[in-house]
Structures are given as C-alpha cells and as structure tokens.
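**Student:** I have a structure I would like to understand better, so I am pasting it below and will then ask my questions one at a time.
The values are calculated or read from the model by the stated rules, or taken from the named source; none is laboratory data. A quick note: this is a predicted structure, and the numbers were derived from the prediction, not measured. Backbone-built Cβ (ideal geometry, glycine too); neighbour counts: all protein chains shown. Each accessible area value is taken on the protein alone, full model and side chains, heavy atoms only, with ligands, DNA and RNA left out. Shrake-Rupley method; radii C 1.70, N 1.55, O 1.52, S 1.80 Å.
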Amino acid sequence: MTGMQGGSSLALGDRGDTAVAPRPPRVALVHDWLTGMRGGERCLEVFCELFPDAPLYTLLHVPGSVSPVIERRRIVTSFVQRLPAAATGYRRYLPLFPAAVRSFDLRQYDLVVSLSHCVAKAVPVRPGALHLCYCFTPMRYVWDLEDAYAEGAGAITRLVLPPLAAALRRWDRRTDGVGQFVAISSHIADRIRRVYGRSAEVIHPPVECARFRPSDTVDDFYLVVSALVPYKRVDLAVRAASRLGRRLVVVGQGPELKRLRAMAGPEVSFLGWRGDAEVAELYARCRAVLFTAVEDYGIVPLEAAAAGRPTIALGRGGVLETMVGLDASDEPPTAVFFGEQTVDALVDAITTYEKAEARFDPRALVARAARFDRPIFARRVQAYIERTWRAFQAAPAC
C-alpha cells in the first residue's frame, strides 16, 4: 500500500500539522508463530502483500515453514526461538508466551496489525499508536478448548492445566491494548464480546479458489482433511464410515492417529499430510467432505466447494456462515448439516446426503466459494484499514 511506511496502497498521513506533507505511518505486523502454512498463515500472507515492507514480529519462526511472501520479510522473534526444541515443542512453553510477546519493543510504530489466536493481541504499543487485531479466536488454549487440549495429556499436565489456564485467562483480559478488533466470523465476534466485552467487525478469511478445479469424475469415497487432535472429532467420521461400510480417506496427522487407526474398519485409509495439489485433487474427486468439529470458521468446506464438492457438517460454529443447508429456500444447497456431535447423527446425515446427492450442483458450489475468494478478502481488509486509520486520524489526539 503506497503511502505507508511498511508498504501500503493507502495514501494516508500521520497526525500532525496539516500544512506539512503528512508522514506515512510506520507499520508493524504481529503473528503468534510461524511453523507452517495453515489458515492463519494464508491470511497473514495477504497482510504481508498489503504491507510488503512492514517487519513481522512473532514468538517463533521455523525457517522455510511458510510461504516466500512471508519468509522474505524482516522477521523478529522472541526468546522462545532460542529455547530447547522450540521448533517442534513450542506449545510446552505456553506459560512463557505472555512474557515473550510483552518483550517486543514496538514504540517506533504508528500502526500495529496483529493476527492473533493466542497472545499476539497482547503486544505492547506506544500511546498514540493504533493497534488493529485480526482475531482468529480469543486465546484458544485457555478459553473454550481447555478440556479438549487436556484430553490425552499426561497426568502432570492435567493437574497443572486448570490453574495455569485460569491465570492465563486473567492475564488475557488484562492485556487488552487493542484499538479495534476484527473477527474471522460472527461466531468469533460473539466470543470476543463474551470474553473481552468488545465489539468486532467480521471479515471472513479467504479461500484460494484458483487452487481448485472441479473434476469430471467423482469417486466413491468420503474425505476428511484435518489435524488429528481430540477436538476435531475425526473419530465420528471414522466410526460412521466403518458402520456404513463407506470408503473414507483421512488427510492429516496428529496425536489421535494411533487411536483412530485402532477403531477404523477396512474402508478407512490414512494418508498423512499431503501437498496442496494432491489435496485439491482429493477434494475434487471425493463424494463429499465430512466436517465434524465445532470450528471458529472452517476453511475446509469452502475449499471443498471451490472444487465443486459438498460438505456434511456439524451445524455449529463458523460453517453456518459459509455453507447453505438443504432446507434453504433462496439458494442452492452446499452442505448437509447434522445437529448433534454423535456417530448416529453423522450416519443419518450421510444417509440424507446420499438420497439428495443430485441436488448438489458443482457450479453452485464453486459460485458459493467465490464469494470468499482471496482478492475479495484483500479488498475488504484494505478498505477496513483505510477507513479505520482515517477515523483514528480524525479523532482528537489525547
């Protein structure tokens, strides 16, 4: 973005004497950690393109783990970077994350943009600076998913986690230097209101539609694309497919893999993580995607739609904002929803889908995904930052 130091296409100036040419604001980006290209990093990539010269502050960076757009900028890490085995075991240092993020010195910046699902939103900014937070969720580990993360943990972790989570919740509420929140979904905006008592505009994350293309041939298998962790409830998909005798392909890795393999029937195969191109092909060829978690947003159903395939989804969380159910009267369906997070409910939903399969038009699915395409996200983010910065400039200086 021209006009902002840190690269901006916004011709905006800093506060000061209007008779003097305004100085472009100095911009910094903040992200929790850089260890792989997941949904949060795909959003970060867009912010990096909007601010190509802005430095990026992060607790930890595993070199080569993110895209070239992110890798080639100046990346400033915290002391977590130097801790033993941090690259693979950084989550064990969760109690140190508050100190790590508060150690950053951002006093030279006028505009700080954080992308946060853990502690990035608590980065300190100087008085008179504007801090915008694109919030994936309030601190995921200590609010709604504490029980899910404790499941499968060792006895000591289960003993320590409740008081640690309580202390981190208190810290998370105290360290609110955010000027404006933007949420990834209305589901998360509600959580921000409940946790922080703050309102948030909603800008849905992008799906990269250009990566996907419908296939002329659809194979007889269902697909799961997910990290294999407890709260994702991939066990529901495995048990439902095994009960029905349906082929299921699971793409993903995680600590649940051994348990899931033990319960799987012969129809279920586990592929581990696969590259973007292979995953796009699996989306295009599958009968439908099974989506069994309560997600803050959920990019997988949109990726499936971009490839022309529907989703059978738990009807809770962010998926209700992106997908259209069978009972909708004003739009073609893109999903079958089930109401309870049980095997029986998923079995019923799969049966319902198979009876209504002909109602799902690949063209309508692609059109639905296109509403959330990457260029649309970039334009919405840019317009929001431009509008918010100008309002900040117009407000009387305190």
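**Student:** Tally the residues that are open to solvent by 10 Å² or more (accessible area, probe 1.4 Å) and either farther than 29 Å from residue 386 by Cβ or part of a strand (DSSP E or B) (or both), restricting the search to the range 97-112.
**Tutor:** 4
**Student:** While we're on this one: Can you name the number of the only condition in (1) under 30 Å from residue 183 (Cα atoms); (2) modelled with pLDDT of 95 or more that residue 275 fails?
**Tutor:** (2)
**Student:** What are the residues in the range 118-130 that are within 20 Å of residue 196 (Cα to Cα) and either β-branched (Val, Ile, Thr) or open to solvent by 40 Å² or more (accessible area, probe 1.4 Å) (or both), if any?
**Tutor:** Going residue by residue through the range 118-130, those that are within 20 Å of residue 196 (Cα to Cα) are 118-125, 130.
Within the range 118-130, 119, 123, 125 meet the criteria.
**Student:** Would you pick out the residues in the range 352-365 that are open to solvent by less than 50 Å² (accessible area, probe 1.4 Å) and among the β-branched types (Val, Ile, Thr)?
**Tutor:** Across the range 352-365, there are no qualifying residues.
Each row is one residue, and each column tells you yes or no for (1) more than 26 Å from residue 178 (Cα to Cα); (2) assigned to a helix (DSSP H, G or I); (3) of a type in the set (Asp, Glu).
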| residue | (1), (2), (3) |
| --- | --- |
| 326 | yes, no, no |
| 332 | yes, no, no |
| 350 | yes, yes, no |
| 355 | yes, yes, no |
| 363 | yes, yes, no |
| 368 | yes, yes, no |
| 386 | no, yes, yes |
| 391 | no, yes, no |
| 396 | no, no, no |
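**Student:** How do the pairs read when you match residues in the range 51-78 that are closer than 13 Å to residue 37 by Cβ and free of Cβ contacts under 8 Å to residues at least 24 places away in the same chain with residues anywhere that are of a type outside the set (Phe, Trp, Tyr) and assigned to a loop (DSSP other than H, G, I, E, B), using Cβ under 9 Å and keeping only pairs 6 or more apart or on different chains?
**Tutor:** The qualifying pairs are 71/63; 71/64; 71/65.
**Student:** Which of the residues belonging to the range 47-91 are in contact with a Leu (Cβ under 9 Å, 6 or more places away or on another chain) and of a type in the set (D, E, K, R)?
**Tutor:** 71, 73, 74, listed by residue number.
**Student:** Here is a follow-up. How many residues does the range 113-147 hold that are closer than 15 Å to residue 27 by Cβ and assigned to a strand (DSSP E or B)?
**Tutor:** 8
**Student:** So in the range 43-71, with the set limited to residues that are charged (D, E, K, R) and at pLDDT 95 or above, which one is nearest to residue 302 (Cα to Cα)? Walk me through it before giving the result.
**Tutor:** First pass over the range 43-71, keeping only residues charged (D, E, K, R): 45, 49, 53, 71.
Filter again for at pLDDT 95 or above, leaving 45, 49, 71.
Working: 45: 18, 49: 22, 71: 26 Å.
It comes out as 45.
**Student:** Next question, about the same structure. Which residue is surrounded by the fewest Cβ atoms within 10 Å (Cβ to Cβ), if the candidates are limited to the range 262-316 and must be among the small types (Gly, Ala, Ser), assigned to a loop (DSSP other than H, G, I, E, B) and out of contact with any Cys (no Cβ under 9 Å at 6 or more places or on another chain)? Full working, then the answer.
**Tutor:** The initial filter retains those residues of the range 262-316 that are among the small types (Gly, Ala, Ser), namely 262, 264-265, 269, 272, 275, 277, 280, 284, 288, 293, 298, 304-308, 313, 315.
Among the residues that remain, those that are also assigned to a loop (DSSP other than H, G, I, E, B) are: 264-265, 275, 293, 298, 307-308, 315.
If we keep only those that are out of contact with any Cys (no Cβ under 9 Å at 6 or more places or on another chain) as well, we get 264-265, 275, 293, 298, 308, 315.
On the way: 264: 19, 265: 14, 275: 8, 293: 23, 298: 26, 308: 22, 315: 18.
Out of the qualifying residues, it is 275.
**Student:** Continuing with this model, one more query. What number of residues within the range 169-222 satisfy the criterion of being farther than 30 Å from residue 249 by Cβ and part of a loop (DSSP other than H, G, I, E, B)? Spell out how you get there, then give the answer.
**Tutor:** Kept after step one, since they are farther than 30 Å from residue 249 by Cβ, are these residues of the range 169-222: 169-183, 186, 189-203.
In the following step, the residues that additionally are part of a loop (DSSP other than H, G, I, E, B) were identified as 175-179, 197-199, 203.
Number of matching residues: 9.
**Student:** Also, I was wondering about something else. Counting just the residues of the range 224-261 that are under 22 Å from residue 309 (Cβ atoms) and touching an Asp or Glu at 6+ places or on another chain (Cβ under 7 Å), which one comes out most open to solvent (accessible area, probe 1.4 Å)?
**Tutor:** Per the stated criteria, the residue is 247.
**Student:** OK, next. Evaluate the range 344-355: report whether one residue or more is of a type in the set (S, T, N, Q), at pLDDT 95 or above and more than 26 Å from the chain's Cα centre (by Cα).
**Tutor:** To start, the set of residues in the range 344-355 that are of a type in the set (S, T, N, Q) comprises 351-352.
Remaining after also requiring at pLDDT 95 or above: 351-352.
Next, from what is left, pick out any that are more than 26 Å from the chain's Cα centre (by Cα): 351-352.
Checked against the condition, which is being of a type in the set (S, T, N, Q), at pLDDT 95 or above and more than 26 Å from the chain's Cα centre (by Cα), the range 344-355 yields at least one hit.
**Student:** How about the range 371-389: which of its residues are aliphatic (A, V, I, L, M), open to solvent by 20 Å² or more (accessible area, probe 1.4 Å) and under 18 Å from the mean Cα position of the chain (by Cα)?
**Tutor:** Answer for the range 371-389, where residues must be aliphatic (A, V, I, L, M), open to solvent by 20 Å² or more (accessible area, probe 1.4 Å) and under 18 Å from the mean Cα position of the chain (by Cα): 376, 378.
**Student:** Could you look through the range 191-222, keep only residues that are touching a Phe, Trp or Tyr at 6+ places or on another chain (Cβ under 7 Å) and open to solvent by less than 30 Å² (accessible area, probe 1.4 Å), and pick out the one that is nearest to residue 278 (Cα to Cα)?
**Tutor:** Taking the candidates together, the pick is 212.
**Student:** Residue 115 - would you say it is within 30 Å of residue 393 (Cα to Cα), in contact with a His (Cβ under 9 Å, 6 or more places away or on another chain) and crowded, with 18+ Cβ neighbours inside 10 Å?
**Tutor:** On the way: within 30 Å of residue 393 (Cα to Cα): yes; in contact with a His (Cβ under 9 Å, 6 or more places away or on another chain): yes; crowded, with 18+ Cβ neighbours inside 10 Å: yes.
Yes.
**Student:** Still on this model: Return a yes/no flag: does the range 48-61 have any residue that is in contact with a helix residue (DSSP H, G or I) (Cβ under 7 Å, 6 or more places away or on another chain) and part of a loop (DSSP other than H, G, I, E, B).
**Tutor:** yes
**Student:** Test residue 245 against the criterion of being of a type in the set (Gly, Ala, Ser) and at pLDDT below 95, and give yes or no. Before you say what the answer is, go through the steps one by one.
**Tutor:** Working: of a type in the set (Gly, Ala, Ser): yes; at pLDDT below 95: no.
For residue 245, the condition - of a type in the set (Gly, Ala, Ser) and at pLDDT below 95 - is not met.
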